[in-house]
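Novice: One structure, pasted below without further comment.
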Amino acid sequence: MGLDPDAAEPAPVKILQSPAVRIGLSISIATGLYGVSFGALSVTSGLDFWQTMALSLLLFSGGSQFAFIGVVAGGGSGVAAMGAATLLGMRNGIYGMQINALLQPRGWRKFAAAQLTIDESTATSTGQTDPDEQKRGFWTAGIGVFVLWNLFTALGALAGGALGDPKQWGLDGAAVAAFLGLLWPRLKGREPVAIAVVCALATVLAVPFVPPGVPILVAAVVAAGIGWFSHGRSDEGLEPDVDPYAEDHVHHHHDPARDYRGERTGDDA
């Protein structure tokens, strides 16, 4: 019949054995946990519990949420706070175009995907090579972060009054520390490390001179400028700290001779 007798249907992937699912779950836990810092900082900045939860449920963008309460805590107006949050949230719109082209969600999934398109879900999805794994990674990280972020936001908001000043507990730096913990292991080349250091320096220098929320935008402009004018190696960049397909590479070696025999079998049949 012209079929390779050695060919077999691929075995279905068990959900917890999926590399993308495992990575998505780990990122969800790491990210969700520091939602407690946002909840505590939000209520001590003057927002009540329901306003805090509305930001996490509807805005659902950690950087934008911290920028919002940072402006409010600094005495800024609601319009200024929304402006800072919007500027930081613009990156999610860029992510959305990429995710829409990559996953092509349909119907209600399109609206759900728009809400769940954040740094973590985008990174987990685009870090995979298999289309099915890309989908699993996006939905696992997106839903996982959404659920845990809102749960710990609620806990932080409820405990905010009892905790007193969140700065005494280091909660004001929890989000930054968590972000650095996720980012630093992925800087595998000299150029991305140098860019990260330069952007950090630009942020520190900008803090005394610009409103809250703007320093991160300064860093983004610096990074974009360096990337535009640099001529570094094309294979250097933000790489995963683990290869999700390493096990497949070990157990499935490419055998050109076998491919040739398969082709000959098909030709002879």
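The values are calculated or read from the model by the stated rules, or taken from the named source; none is laboratory data. Everything numeric in this text was worked out from a predicted model, so none of it was measured. Positions of Cβ are generated from backbone atoms using ideal geometry, with glycine treated the same way; all protein chains shown enter the neighbour counts. For accessibility, only protein heavy atoms count, side chains too; no ligands or nucleic acids. Shrake-Rupley method; radii C 1.70, N 1.55, O 1.52, S 1.80 Å.
Novice: Counting only heavy atoms of the protein chains, get the accessible area per residue of region 1-160 (1.4 Å probe) and round it to a whole Å² value. Intermediate results must be reported in sequence, preceding the final value.
Specialist: Details: 8190 Å² over 160 residues.
Value returned for region 1-160: 51 Å² of accessible area per residue.
Novice: Still on this structure, I have one more. I need the phi-derived Karplus couplings for region 129-143: 6.51 cos²θ - 1.76 cosθ + 1.60, θ = phi - 60°, integer Hz, Gly and Pro marked x.
Specialist: Once rounded to whole Hz, the list reads 9, 7, x, 5, 5, 4, 5, 4, x, 4, 5, 5, 5, x, 5.
Novice: Next question, about the same structure. Net charge near P105: determine it from the other residues with C-beta under 15 Å of the C-beta of P105, scoring Lys and Arg +1 and Asp and Glu -1. Present the calculation step by step, with values, prior to reporting the outcome.
Specialist: Working: positive: R106, R109, K110, K135, R136; negative: D132.
Neighbourhood net charge equals +4.
Novice: Mind ordering 23-30, 64-71, 127-134, 221-228 by average Cβ neighbours within 10 Å, highest first? Don't skip to the end; give the middle numbers.
Specialist: Numbers: 23-30: 19.6, 64-71: 24.4, 127-134: 16.4, 221-228: 13.0.
Averaged packing, sorted descending, gives the order 64-71, 23-30, 127-134, 221-228.
Novice: Still on this structure, I have one more. So, with a 1.4 angstrom probe, what is the percent of accessible area on region 51-116 that is carbon and sulfur?
Specialist: Working: 2430 of 3520 Å².
Taking all protein chains in place, region 51-116 shows 69 percent carbon and sulfur surface.
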